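Below you'll find the structure, written out as structure tokens, and then a few comments.
The values are calculated or read from the model by the stated rules, or taken from the named source; none is laboratory data. Just so you know, these numbers come straight off a predicted model, no measurement behind them. Glycine gets a Cβ as well: all are built from the backbone with ideal geometry, and neighbour counts include every protein chain shown.
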2 protein chains.
Amino acid sequence: MGIIRKTKSVKKILNEFQVESKALSTLDLIHRFEAEFNKTTIYRVLDKLEDDGVLHSFQGKNGVKWYAKCEDCTEHKHSDIHPHFQCLSCGQTDCLDFSIHIPKIPNREVSFSQFLLQGRCEKCLV
Amino acid sequence: MGIIRKTKSVKKILNEFQVESKALSTLDLIHRFEAEFNKTTIYRVLDKLEDDGVLHSFQGKNGVKWYAKCEDCTEHKHSDIHPHFQCLSCGQTDCLDFSIHIPKIPNREVSFSQFLLQGRCEKCLV
DNA sequence: CTGTTAATGCAACTGAGTTGCAAATAAAGC
DNA sequence: GCTTTATTTGCAACTCAGTTGCATTAACAG
């Protein structure tokens with residue numbers, strides 16, 4: 001069950017994803033909004049936005065969950081499967097805009113995938 | 001810094017990865033050896049085996065860390081980058097034996113990747 | 001404005017993983 | 001086999017990311 005009421009927290013969190021076009025971790029958001037919202041609220045709102053197909057999530061390397069905006073997903077179908085890149089220097093994480101071709105795997109049914117790349121981003125590659 | 005002494009725990013954990021050719025989670029191993037070794041030991045030994053390039057690790061979906069045997073890796077070079085598949089029914093997780101072609105990403109340096117697929121395995125696809 | 005109910009904040013919690021330190025033990029040398 | 005050294009182990013306590021229950025607050029419909 002997703003978002004039912006457009007609360008202050010829903011609006012502000014969504015705005016954050018609109019303003020920046022990169023992935024944000026749960027900790028990012030908890031820090032940014034710590035004066036305004038409880039971390040419980042952050043976790044719950046992110047959960048609901050994912051249920052609604054507005055955001056998608058992936059596990060970062062050290063056990064932290066990241067979220068990014070979906071393109072063209074709905075509540076029932078997450079079709080936006082693409083790699084994510086996390087910079088090991090500055091920590092910034094964003095979606096890469098190429099698709100991974102997953103070959104048909106015999107005798108298995110794939111319903112979810114996540115692909116995480118790590119290294120150094122443009123700003124840190126000096 | 002990796003393994004220096006061939007202790008009982010090192011031998012038994014390595015044997016577990018020899019016997020089964022699939023990935024094992026930290027929790028799998030903690031449960032299997034709970035009568036014999038402390039979970040601290042399990043975590044430490046896995047860490048050291050990864051340092052040595054004997055095992056590689058990846059994050060499962062729900063924050064649990066998984067390990068699998070490496071092929072041809074050493075302490076200094078992890079060259080064994082391949083997808084992992086986790087069954088959402090039985091939980092079994094193993095390495096898939098195809099490579100993913102990562103296109104050259106402009107202005108970034110990739111030093112690590114992990115690719116997790118989830119769905120249903122052969123046994124659970126009925 | 002009122003009533004309903006979803007959302008929020010809080011404290012306490014869970015679970016995966018980590019740390020510090022004393023005790024145990026693997027290995028080398030004799 | 002014994003001694004010494006240094007690594008490893010087990011334990012208790014911890015951290016951290018995320019979750020839960022419940023009383024209070026606030027969004028929304030009328």
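Things to note:
- Filtered by the rule that a residue be in contact (Cβ under 8 Å) with a residue 24 or more places away in the chain and more than 7 Å from chain B (Cβ to nearest Cβ), the range A:107-126 gives A:Lys123, A:Cys124.
So that you can scan it fast, the table gives a plain yes or no per residue for (1) out of contact with any Cys (no Cβ under 9 Å at 6 or more places or on another chain); (2) over 16 Å from A:Val54 (Cβ atoms); (3) buried (at least 16 other Cβ atoms within 10 Å of the Cβ); (4) of a type in the set (Ser, Thr, Tyr):
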| position | (1), (2), (3), (4) |
| --- | --- |
| A:Arg5 | yes, no, no, no |
| A:Lys8 | yes, yes, no, no |
| A:Ile13 | yes, no, yes, no |
| A:Phe17 | yes, no, yes, no |
| A:Ala23 | no, no, yes, no |
| A:Leu27 | yes, yes, no, no |
| A:His31 | yes, yes, no, no |
| A:Ala35 | yes, yes, no, no |
| A:Thr40 | yes, yes, no, yes |
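- Test for B:Ser21: is it over 19 Å from A:Leu117 (Cβ atoms) and either hydroxyl-bearing (Ser, Thr, Tyr) or within 11 Å of chain A (Cβ to nearest Cβ) (or both): yes
- The lone criterion from (1) within 16 Å of DNA strand C (Cβ to nearest atom); (2) modelled with pLDDT under 90 left unmet by A:Phe85 is number (1).
Residue-wise test of (1) within 20 Å of A:His84 (Cα to Cα); (2) within 14 Å of another protein chain (Cβ to nearest Cβ); (3) at pLDDT 90 or above.
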residue	(1), (2), (3)
B:Leu29	no, no, yes
B:Asp47	no, yes, yes
B:Lys61	yes, yes, no
B:Cys73	no, no, no
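- Out of B:Lys65, B:Lys104, sole residue that is within 16 Å of DNA strand D (Cβ to nearest atom), under 29 Å from A:Thr93 (Cβ atoms) and within 14 Å of chain A (Cβ to nearest Cβ): B:Lys65
- Test set (1) charged (D, E, K, R); (2) loosely packed, with under 11 Cβ neighbours inside 10 Å; (3) at pLDDT 80 or above - A:Lys77 fails condition number: (3)
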